[in-house]
Amino acid sequence: MARARDPIADLRRIAFLLERANEATYRVRAFRSAAKALAGMPAAELTERAGNGTLTELAGVGDVTARCVAESLAGEEPVYLRRLVATEGSDLDAEATALRAALRGDCHTHSDWSDGGSPIEEMALAAVELGHEYLVLTDHSPRLTVARGLTANRLRQQLDHVAKVNAALPEGFRILTGIEVDILADGSLDQDDDLLARLDVVVGSVHSGLKDERSKMTRRMLKAVANPHLDILGHVTGRMVSSRPAGVTGPGDRGHRARTRAESDFDADAVFAACAEHDTAVEINSRPERQDPPKRLIRRALEAGCRFAINTDAHAPGQLDWQRFGCERAALCGVPANRVINTWSAEQLVTWTHNRP
Ligand SMILES: [Zn+2]
Ligand SMILES: [Zn+2]
């Protein structure tokens, strides 16, 4: 008889691949819930239940997930997993592939502390499996209530929690602390200065008043970019090029349920000149529904001398592999690896964020 595989690892792998393929959240959740339900079960009980068909009596385990478990235990790659692997294609050209290979971490990610779908530990494990050296955890700030933005107190609790999680993670990988802080209407940042100063990386984004009139939006962004705490300007135009698939709601989607949305209007040359002057990196956001900034603006930021961060803005573990989409667009615009801050080691990155002008 073939040696049993690890059924929990197979369930988690399926969830990851479904997320990466941008499949509906409820499908992903079926596999993550089953993995969670079975994680603590003794191997003997698992085998017995798979044998007599009683896995589905457990909360969180359905027919499909039970079949995957039975196949794993029988030493076969689950059919569901095999099909997923066979039908996913990565058709990146050489330059995009080289850029992706040069990335050592991700500077914009969310956990279930705000509107992400998974715990910090699960996000970190997925990042380790992708070969990252670090993951910057950037949950939302207080005013973004739809995304359960963290108050100053909850952020302090999160910092303590991250320190504990880091101690248990493999050598050579670490979670860096951070925030995706809202850029408020007047250009100030939605978190206490002392906390912003403590964080390893600060991403700042506009999430409200996206239809502000041009001069107002420009002033707002210029003020944020000049703020010494702001390291990365997130999803610069706020555009949405596609909506989420119909019927998709739930963890990971809160706050991101918008239909298509036009770019906000601002003086891009002035904003990119300020980014270059203050050494604030411009984010290339990899989310398929954002693709922000558009390529013509990536080119202008490059000409202005800006640095970039190619980020996923992942709200679930499988989305951490969306960096390849950002790399594809960056490569098309001729962005060289040496202008991309997440090609640096964690050490170099933190040295930069703490010593920027
Ligand atoms: Zn969010
Ligand atoms: Zn955002």
inquiry  = Considering only residues that are free of Cβ contacts under 8 Å to residues at least 24 places away in the same chain and farther than 24 Å from Arg104 by Cβ, which ones fall in the stretch 150-174?
reply    = Thr151, Asn153, Gln157, Asp160
task = Return yes when Glu71 is charged (D, E, K, R) and surrounded by 17 or more Cβ atoms within 10 Å (Cβ to Cβ) and no when it is not.
result = yes
request  = Tell me, please, whether a residue that is over 18 Å from Arg100 (Cβ atoms), crowded, with 23+ Cβ neighbours inside 10 Å and within 20 Å of the chain's Cα centre (by Cα) can be found in the stretch 318-339.
outcome  = no
ask   = Mind checking whether some residue in the stretch 149-169 is in contact with an Asp or Glu (Cβ under 9 Å, 6 or more places away or on another chain), within 13 Å of ligand 1 (Cβ to nearest atom) and assigned to a loop (DSSP other than H, G, I, E, B)?
value = yes
ask   = How about the stretch 188-281: which helices (runs of 4 or more DSSP H) wholly inside it have at least 2 residues that are within 15 Å of ligand 2 (Cβ to nearest atom) and modelled with pLDDT of 95 or more?
value = 214-226
task = Return the total of residues in the stretch 141-172 being aliphatic (A, V, I, L, M), surrounded by 16 or more Cβ atoms within 10 Å (Cβ to Cβ) and within 30 Å of Gly131 (Cβ to Cβ).
result = 6
task = Tell me which of these Glu23 doesn't satisfy, since it passes every other one: (1) assigned to a helix (DSSP H, G or I); (2) open to solvent by 50 Å² or more (accessible area, probe 1.4 Å).
result = (1)
ask   = Taking into account only those residues within the stretch 173-187 that are open to solvent by 30 Å² or more (accessible area, probe 1.4 Å) and either within 13 Å of ligand 2 (Cβ to nearest atom) or in a loop (DSSP other than H, G, I, E, B) (or both), which is nearest to Ala226 (Cα to Cα)?
value = Asp186
query = Ser118 versus (1) in contact with a Ser or Thr (Cβ under 6 Å, 6 or more places away or on another chain); (2) closer than 30 Å to Ile341 by Cα; (3) assigned to a loop (DSSP other than H, G, I, E, B); (4) not basic (Lys, Arg): which is the lone unmet condition?
reply = (1)
inquiry  = Pull out all pairs, ordered by first then second residue, where Cβ-Cβ is under 8 Å, the residues are six or more apart or on different chains, the first lies in the stretch 210-236 and is touching a residue at least 60 places away in the same chain (Cβ under 8 Å) and within 12 Å of Cys275 (Cα to Cα), and the second is among the basic types (Lys, Arg) and open to solvent by 10 Å² or more (accessible area, probe 1.4 Å).
reply    = Pro228/Arg356; Asp231/Arg356
request  = Would you confirm whether any residue within the stretch 124-138 is assigned to a loop (DSSP other than H, G, I, E, B), within 16 Å of Ile179 (Cβ to Cβ) and open to solvent by less than 40 Å² (accessible area, probe 1.4 Å)?
outcome  = yes
remark   = Selection from the stretch 86-96 of residues open to solvent by less than 70 Å² (accessible area, probe 1.4 Å) and assigned to a helix (DSSP H, G or I) yields Ala96
request  = Check Asp106, Asp10, Asp112 and return the single one that is acidic (Asp, Glu), open to solvent by less than 80 Å² (accessible area, probe 1.4 Å) and touching a strand residue (DSSP E or B) at 6+ places or on another chain (Cβ under 8 Å).
outcome  = Asp106
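The values are calculated or read from the model by the stated rules, or taken from the named source; none is laboratory data. Please read all numbers here as calculations on a predicted model, not as lab measurements. Positions of Cβ are generated from backbone atoms using ideal geometry, with glycine treated the same way; all protein chains shown enter the neighbour counts. The accessibility values were calculated without ligands, DNA or RNA, using every heavy atom of the protein model including side chains. Shrake-Rupley method; radii C 1.70, N 1.55, O 1.52, S 1.80 Å.
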